[in-house]
Amino acid sequence: MSVPAFSRRIAAGLLAGMIGLSSATSVLADTTIRLGHVLADSHSWHKAATSFAKEVAEKTDGRVKIEIYPSGQLGTEKEVIEGMQIGTMDAGVIGSGSFQFVEPKLGIIEMPYAWTSREQAFAALDGKLGEQLAGLLKPKGIEVLAWWENGFRNITNNVRPVEKPEDLKGLKIRVTPDKVRLATFEALGAQPAPLAFGELYSALQQGVFDAQENPLSIIESSSFYEVQKYLSMTGHIWGAACLTVSTIAWSQVSPEDQAIVREAAVRWGNEQRKMVAESELELLEKLKAKGMQVNEVDKAAFVKALEPIWESQKETFGADLLATMDTYRK
């Protein structure tokens, strides 16, 4: 008995649809995400990212594979962010301040002396403030999976101990390339200039810069103690790290696997935060043992000197975002 042409066409259409569905499923079922960051493989970002990738591979039965590239192998933070926006980069662990050229409001996290403790910042980023900031990045092509930690930044230099704002006068200091950070150190009397992180060690070694500012974990893992003598515990800025993925790459992951990835991102973010907290005293002793001279500072004087920075940024952040932040700072 012959099959009518109409029935043959229906069968062919169903078969084509099944093949198309199978193809789409196979794309979603086997996704490799290349994730880059600029820090050394000894840093907590890399350790946590490696464990995150392992958990994701195990819990998705290999459907989602995440490859980790440390030490700027995929480019600077700016290059990774730009790549995520257009889909040439998949993912990154990136300091929150680096997103300001895409969305200036992200600078609110790293305002000077914004947070009295890391726990205060965690509550804000795990709550409404984090939701609002993630919502600002999504239309830019960037999905925030979790808020990790960069930590409290401290100043190192090769000229003299810095104990009060006046001690920074005239020091050439490398800062991250954002307007708020530049304005912060200009207000303190220093001579700030931006430079890609990957070029910082050699710039300090060659005397292009006198100083730099970073968390203890980065000072130690990047061996800045080899090219810097003085460490001042200013704690002037607390910074988050964003575990982010391009919305283009994210769309290749099924909703079920997206849930697994998000859960792992948050879990390893919490573990990475613990690594930072637990290593602080140990890192300080290591840096002292490496020959750095460590000193405390007059924080009240630094806070007062930087009050104008807050006033200057009110328009950038907007009343709504500032109000949300204030609910966590009380």
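The values are calculated or read from the model by the stated rules, or taken from the named source; none is laboratory data. Nothing here was measured: the structure is a model prediction, and the numbers come from that model. Every residue, glycine as well, gets a Cβ built from its backbone with ideal geometry; the counts of neighbours run over all protein chains shown. Note: areas computed on protein heavy atoms with side chains; ligands, DNA, RNA excluded. Shrake-Rupley method; radii C 1.70, N 1.55, O 1.52, S 1.80 Å.
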Which peptide among 141-149, 245-253 comes first, and what is the full order, when sorted by highest mean count of other Cβ atoms within 10 Å?
141-149, 245-253
Suppose every K and R has +1 on its Cβ and every D and E has -1 on its Cβ; what is the size of the dipole of the chain about the Cα centre, in Debye to the nearest 20?
380 debye
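In the chain, what percent of the accessible surface is made up of carbon and sulfur (1.4 Å probe, ligands and nucleic acids excluded)? List each step's numbers first, then the result.
Details: 8290 of 14970 Å².
That share works out to 55 percent.
Under a point-charge model restricted to the Cβ atoms of Lys and Arg (+1) and Asp and Glu (-1), what is the dipole moment magnitude of segment 174-330 relative to its Cα centre, in debye to the nearest 20? Spell out each step's value before the answer.
Numbers: 16 positive and 22 negative charges, 36 e Å.
Rounded to the nearest 20 debye, it is 180 debye.
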Can you tell me the equivalent ellipsoid semi-axes for segment 70-198? Use √(5λ) from the Cα gyration tensor, largest first, whole Å.
28, 19, 12
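Whole-Å semi-axes of segment 222-330's equivalent ellipsoid, largest first, each the root of 5 times a Cα gyration tensor eigenvalue? Let's see the in-between values first.
Working: eigenvalues 223, 134, 34 Å².
In descending order the semi-axes read 33, 26, 13 Å.
Pairs LYS138/LYS299; LYS54/LYS78; LYS274/LYS330; LYS47/LYS172: which are spaced more than 30 Å apart, C-alpha to C-alpha? Provide the component values of the computation, followed by the final result.
Working: LYS138/LYS299 36 Å; LYS54/LYS78 26 Å; LYS274/LYS330 24 Å; LYS47/LYS172 32 Å.
Exceeds cut-off: LYS138/LYS299; LYS47/LYS172.
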Relative contact order (%) - criterion: Cα under 8 Å, at least six apart; region: the chain
25 percent
Show me the ranking of peptides 67-76, 274-283 by mean Cβ neighbours inside 10 Å, starting with the highest.
67-76, 274-283
Just to be sure I understand the model, the point goes 7 Å from the Cα along the line to the Cβ. What's the resulting VAL208 to LYS290 distance in nm?
2.0 nm
From a point 7 Å beyond the Cα of ALA277 in the direction of its Cβ, which residues of segment 125-163 have a backbone N at a distance under 15 Å?
125-126, 148-152
Mind checking which aspartates and glutamates have their C-alpha under 16 Å from LYS169, skipping anything on the same chain fewer than 8 residues away?
GLU186, ASP210, GLU213, ASP298
On Cα atoms only, tilt of 307-317 relative to the major axis of the chain in degrees
20 degrees
Per DSSP H run of at least 4 residues, take -39500 (n - 2.57); add these up for the chain, divide by its residues and hand me the 222 nm value, nearest 500 deg cm²/dmol.
-15000 deg cm²/dmol
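Between LYS54 and THR327, 0.36 nm times their residue separation minus their Cα-Cα distance comes to what?
The span from LYS54 to THR327 would gain 94.6 nm if fully extended.
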For the pair LYS138/LEU182, report the inter-label distance in nm, with labels modelled 7 Å from Cα in the Cβ direction.
3.2 nm
For the chain, the longest principal axis of the Cα atoms and the Cα long axis of helix 319-329 enclose an angle in degrees, to the nearest 10, of 70 degrees
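Net charge within 13 Å of LEU321 by Cβ-Cβ distance, Lys/Arg positive one each and Asp/Glu negative one each, not counting LEU321 itself? Intermediate values should be presented prior to the final figure.
On the way: positive: LYS105, LYS128, LYS314, ARG329; negative: GLU103, GLU131, GLU315, ASP320, ASP326.
So the surrounding residues net to -1.
How much area per residue is accessible in the chain when the probe is 1.4 Å and only protein heavy atoms are counted (Å²)? Don't skip to the end; give the middle numbers.
Values: 14970 Å² over 330 residues.
For the chain, the per-residue accessible area is 45 Å².
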Can you return the aspartates and glutamates within cross-link range of LYS140? Criterion is Cα-Cα under 19 Å, with same-chain partners fewer than 8 residues away left out.
GLU77, GLU79, GLU82, ASP90, GLU103, GLU131, ASP178
Compute the angle between helix 128-137 and the longest alpha-carbon principal axis of the chain, please, reported from 0 to 90 degrees and rounded to the nearest 10.
70 degrees
Counting only DSSP beta bridges with both residues in segment 138-262, tell me the antiparallel percent, nearest 5.
75 percent
